[in-house]
Amino acid sequence: MKTTSLIYFLPFILISSCSNSQSKNQVSVFENILGKENYNTLSLLTSDFEKDILKKTYPALSTEKAYEKFLIDVKERKVVFWNKISSKNRKTFQKSDLRLEIYEFPDSVWIGKNGIESRYVFNNDDGTIYRNDDGTIHYGFSSKSADINKNPDSLIVNEYNTPRLKYSGKYIEAIRTIKDGNNFLEAFYDVKDKAGYIHSEVMAEILLKNEPDFSNDIIKKLIVMEFGY
């Protein structure tokens, strides 16, 4: 009887062991690409998000169940969480190198014929400025419509402080490197790669449909960054 029980449970033990090993490897690769300091900042912000928001909003639930309920509530527009993140953590993120690995900001902004024009500097994988073959800086440009008759100086200042996803950053690189074979990570990366940022409720619905493992350390960190910062 004992032998039969052991044979019955052995596959589950092996599956669990492989899953834990894969998760640890993902964390190691993710941390190595993102950088130790950035990863530590991400861990701090995630820990405080769980303490300040999840545990206070869902006190009867485990951390894993709280993450799931949080996404459900975001999808259904039932939770307000943005203003619950402490000013201390906002400042920590604002001053961190992590912020500049996730987002990029224009280096020049001006009023064009049809609205706001912005210019961006691209970086190589090693962080150096990407240049054309002739040595000149390779710039990217974007434009958006705006009522330029309404305080153009304010529009320019606001655009300088408006982030967009940094596709060349270590954050996206880390996700791209570890995503294969994980439905959640593949779906997350697919949205970021194709759209950058979408409405929170739509993103939450997509993530819930893709088998999130809320005990996975990386998945928890991505949720905090996506919806908190």
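Some notes on this structure:
- Among the candidates SER108, SER118, SER86, SER96, the residue that is surrounded by 16 or more Cβ atoms within 10 Å (Cβ to Cβ) and farther than 17 Å from LYS221 by Cβ is uniquely SER118.
- Members of the stretch 144-155 found to be in contact (Cβ under 8 Å) with a residue 24 or more places away in the chain, outside any loop (DSSP other than H, G, I, E, B) and either surrounded by fewer than 13 Cβ atoms within 10 Å (Cβ to Cβ) or of a type outside the set (Lys, Arg) (or both), listed by number: SER145, PRO152, LEU155
- Of all the numbered requirements in (1) among the charged types (D, E, K, R); (2) at pLDDT below 95; (3) surrounded by 16 or more Cβ atoms within 10 Å (Cβ to Cβ), GLU226 misses one, and that requirement is (2).
- Qualifying residue in the stretch 156-170 (condition: closer than 27 Å to ALA66 by Cβ and in a strand (DSSP E or B)): yes
- If you go through the stretch 102-153 and keep only what is at positive phi and within 23 Å of the chain's Cα centre (by Cα), you end up with just GLY127.
- Elements of type helices (runs of 4 or more DSSP H) contained in the stretch 46-126, each with 1 or more residues being in contact with a Leu (Cβ under 7 Å, 6 or more places away or on another chain) and of a type in the set (Gly, Ala, Ser): 63-75
- Within the stretch 189-214, residues that are outside any loop (DSSP other than H, G, I, E, B) sit with their Cβ atoms under 7 Å from residues that are surrounded by fewer than 15 Cβ atoms within 10 Å (Cβ to Cβ) and at pLDDT 95 or above, at 6+ positions apart or across chains, in these pairs: LEU208/ILE72.
The values are calculated or read from the model by the stated rules, or taken from the named source; none is laboratory data. Because the structure is predicted, anything quoted here is derived from the model rather than measured. With ideal geometry, Cβ positions are generated from the backbone for all residues, glycine too; neighbour counts draw on all protein chains shown.
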